[in-house]
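The values are calculated or read from the model by the stated rules, or taken from the named source; none is laboratory data. Just so we're clear, the structure is a prediction, and the values are computed from it rather than from any experiment. All Cβ positions, glycine included, derive from the backbone under ideal geometry; neighbour counts span all protein chains shown.
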Amino acid sequence: MLKKILLSFLFLFLLGTVLTGIWGYRLVYQPNISLTNSGSDYLYIATGSTFDDVLQNLAVKYFILNTETFRRLSELKGYSTKVKPGRYRIRDRMSNNQLINLLRAGLQEPVQISFNNIRSKGQLASRIGRKLEADSTQLLSLLNSAEFAGKYGFNSENILTLFVPNTYEIYWNTSSGEFIERMAKEYKNFWTAKRKLLAREIPLTQTEVSVLASIVQAEQNRFDDEKPVIAGLYLNRLKSGMPLQSDPTLIYSIGDFSITRVLNSDKNIDSPYNTYRHSGLPPGPICLPEISSIDAVLNYQKSNYLYMCAMEDFSGRHHFSETIQQHAIYAKRYREALDKHNIKR
């Protein structure tokens, strides 16, 4: 009789052990994420999210198979009270343990951000707002703040020269202020001792180099080999006191970037960016110049050129002239080409 009782207890103990092992396996190691469309996807956890927010996000978008086991293990491992925001790559058939370890450690993947072809602060804020958690309205407000720009040695007109177009890896949950702080560090790294020396030799400040580079960029965004020539031409004008008379600055003043033909009437527009009416550089950049355009200014080609005109074959290249007489010939050819193709604006 005693033997039967002992065997019964042993059986129940073994059964309990097996069931506990099965439950423990399901709780910790059994795959609990099912991604039907791909092998991996991203989970975005917004700043200030609670554990229930994370659970709901997983349940709605990523089909977590068993929310209760995920919740239970999260509580046991202390994740449920220590949610960290970010962008996390989750993979098909991840277990609760794998997912919780990832989220608890905050092992998010950065976002790659590129911001080429930017013409305004609003466009930059919108581009960044689509890639990061940072609010585009708040970012634009900071860029428009003279007090904020002053912290970095800029004003609200030239603050865009702080941003050097490139591809950067940034964490998704970066705030607007943190984003600008990161760009300030990148700006400092970009302006090496060599670049600073070249700027002083022109002589221009770093901001002035970027402003001029933005005009070079707007004049030539296809053929980098022309950029040092254009930069040298505009520096010749600056040194001689001649207005820059840059058509892209008129287009920027108008605000219609679809314009392909500048009219004489445009030259009368009342704007500090109208370089036909105002001598010297405009108060800020007319776009974010690429690194090649900044370096083209720093390494400008010396010449006696004072004039340039787009080639009449619409190749994107330019004729360069030392005299107004030669320039007039090229300008006439270009106007005739525009008329031939019925390009009015």
If you scan the range 298-326, which residues turn out to be part of a helix (DSSP H, G or I) and either out of contact with any Lys or Arg (no Cβ under 8 Å at 6 or more places or on another chain) or outside the structural domain of THR260 (by TED's automatic domain parsing) (or both)? ILE324, GLN325, GLN326
Leading residue by the ranking (surrounded by the most Cβ atoms within 10 Å (Cβ to Cβ)) among those in the range 236-257 that are free of Cβ contacts under 8 Å to residues at least 60 places away in the same chain and among the small types (Gly, Ala, Ser): SER246
Quick check, is ARG222 basic (Lys, Arg) and not in a helix (DSSP H, G or I)? yes
When you check TYR187 against the structure, is it surrounded by 15 or more Cβ atoms within 10 Å (Cβ to Cβ), within 25 Å of VAL164 (Cβ to Cβ) and among the aromatic types (Phe, Trp, Tyr), yes or no? yes
Near pairs, Cβ below 6 angstrom, 6+ apart or cross-chain, from the range 316-345 (surrounded by 14 or more Cβ atoms within 10 Å (Cβ to Cβ)) to any residue that is small (Gly, Ala, Ser): HIS318/ALA310; HIS327/SER321; TYR334/ALA310
Which condition number in (1) among the small types (Gly, Ala, Ser); (2) within 19 Å of ARG200 (Cα to Cα); (3) over 29 Å from the mean Cα position of the chain (by Cα) is the one that ALA296 fails? (3)
Yes/no for TYR273 being crowded, with 19+ Cβ neighbours inside 10 Å, without any contact (Cβ under 8 Å) to a residue 60 or more places away in the chain and not small (Gly, Ala, Ser): yes
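Collect the residues in the range 189-207 that are in contact (Cβ under 8 Å) with a residue 60 or more places away in the chain and not in a helix (DSSP H, G or I), keeping them in residue-number order.
Result: ILE202, LEU204.
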Please specify each residue of the range 57-75 satisfying the condition of being of a type in the set (S, T, N, Q) and not in a helix (DSSP H, G or I). ASN66
Exactly one of ILE113, ILE100 is of a type in the set (A, V, I, L, M, F, W, C), under 23 Å from LYS131 (Cα atoms) and surrounded by 16 or more Cβ atoms within 10 Å (Cβ to Cβ), and that residue is ILE113
Name the single residue that is farthest from THR174 (Cα to Cα) among those in the range 17-49 being modelled with pLDDT of 75 or more and among the hydroxyl-bearing types (Ser, Thr, Tyr). SER34
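In the list SER214, SER253, SER210, which residue meets the criterion of being hydroxyl-bearing (Ser, Thr, Tyr), farther than 30 Å from ILE170 by Cα and either assigned to a helix (DSSP H, G or I) or not assigned by TED's automatic domain parsing to the domain that holds TYR305 (or both)?
The unique qualifying residue is SER253.
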Which of the residues spanning the range 225-248 are in a loop (DSSP other than H, G, I, E, B) and under 15 Å from ALA310 (Cβ atoms)? GLN245, SER246
